[in-house]
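This is the structure I have questions about; it appears just below.
The values are calculated or read from the model by the stated rules, or taken from the named source; none is laboratory data. Here the structure is a predicted model, which means the values were calculated and not measured. Neighbour counts run over all protein chains shown; Cβ positions are idealised from the backbone, glycine included. Keep in mind that these areas ignore ligands, DNA and RNA; they rest on the heavy atoms of the full protein, side chains included. Shrake-Rupley method; radii C 1.70, N 1.55, O 1.52, S 1.80 Å.
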Amino acid sequence: MLSHPFIQHALIAGTSIAVLSGLVGYFVVLRGQVFAGDALSHTAYAGALAALAAGVDLRFGLFAATIAVGLILGLLGGRGAADDVVIGTTFAWVLGLGVFFLALYTTHTSTGNSTASVTVLFGSIFGISAGAAATAAWIAAGLVVVLLVIARPLLYASLDPAVAAARGVPVRLLGPLFLAVVGATAAETTQAVGALLLFGLLAAPPAAAQRLTDRPWSAFALSAVLAVAAMWIGITLAYAVPQLPASFTIMAVSTAIYGTALAVTAGRRRRERRVPGATPIPAPSAAGTARTPPGCG
């Protein structure tokens with residue numbers, strides 16, 4: 001399996017994308033910005049179609065649209081966090097733009113690449129070239145560095161924005177900056193699993209990690225490990241069973257990881273309730289209502 005160049009390219013691009021998605025997704029879930037992440041995934045589709053309709057590199061449309069919309073969501077939201085009304089309105093507008101660019105593309109410019117629209121929607125990780133895989137790895141590495149630089153103040157601002165702002169953390173700056181990173185991550189991940197499915201890597205492994213551990217930095221690292229596991233197992237399954245699309249197997253494994261985490265934490269709580277005097281395990285933090293775990297601040 002590893003001797004095939006297309007598998008090597010898929011693993012190089014997929015691993016870097018999974019690490020990035022897991023790390024960024026940890027903060028997406030912690031900050032309760034899952035809806036914003038979903039909106040940015042659809043923005044990736046509209047941006048890609050705009051680039052195709054304009055006859056330019058698809059990646060230009062992906063990154064330009066998602067980063068711009070991420071910044072807009074962050075700037076229009078209160079206290080640096082995206083507002084649901086703003087997200088919903090932007091979401092609908094972006095979907096409308098996607099329909100417009102799809103009509104423009106299929107009417108005038110799709111004759112040379114009729115499958116591009118489907119590829120953007122569902123990804124094509126086995127179709128990534130060596131150059132594209134290397135580019136994806138470098139972009140992912142750069143975004144991970146940016147995230148690591150802002151990770152500590154971002155964690156503080158995510159857990160208690162009022163106290164963080166009072167102590168001088170630039171909460172209003174971090175919000176738009178983080179959503180721009182989420183947008184770039186959506187653009188990067190679209191190339192592997194597609195605009196419609198990328199959310200599985202951004203949400204499921206990070207949510208599973210936060211259920212399995214209360215320690216923020218442990219969950220941060222575990223989120224990336226689980227995302228990489230979903231990517232590797234998904235690629236292996238797709239290779240072993242050629243009838244299964246790689247995007248499907250990656251998302252299926254990602255969902256199974258989250259389901260397993262749910263079962264593990266539920267079983268752990270049942271055992272705790274049977275022990276008299278035992279301290280119950282706290283429920284995982286709901287989106288946007290995270291508790292302050294040890295090791296922060």
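Rounded to the nearest 10 Å², what accessible area does Asp160 have for a 1.4 Å probe in the complete protein model?
60
Sticking with this structure for a sec: Please list Ser223, Ser3 in order of solvent-accessible area, largest first, computed with a 1.4 Å probe with all protein chains present.
Output order, biggest surface exposure first: Ser3, Ser223.
Could you work out the percent of alpha carbon pairs in segment 1-72 separated by over 22 Å, rounded to a whole number?
For segment 1-72, the fraction of Cα-Cα distances above 22 Å is 39 percent.
Considering only protein heavy atoms and a probe of 1.4 Å, how much of the accessible area of segment 158-275 is carbon and sulfur, as a whole percent?
66
Next up: Using heavy-atom solvent-accessible surface (probe 1.4 Å) with all chains present, what is the largest-first order of Ser254, Ser129?
Result, largest first: Ser129, Ser254.
Taking 0.36 nm per residue of separation and subtracting the Cα-Cα distance, what length does fully extending Val264 through Ala166 add?
The Val264-Ala166 span can extend by a further 31.5 nm.
Keeping all protein chains in the complex and leaving out DNA, RNA and ligands, what accessible area do you get for Tyr26 with a 1.4 Å probe, in Å² to the nearest 10?
10
Here's another thing I want to ask about it. Picking from Ile233, Val169, Ala187, whose Cα lies most toward the positive end of the charge dipole for segment 120-238 (charges on Cβ: Lys, Arg +1; Asp, Glu -1)?
The residue sitting most towards the positive pole is Val169.
Now for a different question. With a probe of 1.4 Å, find how much accessible area segment 144-256 has per residue, and write the answer as a whole number in Å².
About 37 Å² of surface per residue is accessible.
Follow-up. Quick check: with the 1.4 Å probe, what order do Trp93, Trp138, Trp217, Trp232 take by accessible area, largest first?
Trp138, Trp93, Trp232, Trp217
Here's a follow-up. Could you tell me the accessible area of Arg152 in Å² (1.4 Å probe, neighbours in place), rounded to the nearest ten?
Surface accessible to solvent at Arg152 totals approximately 130 Å².
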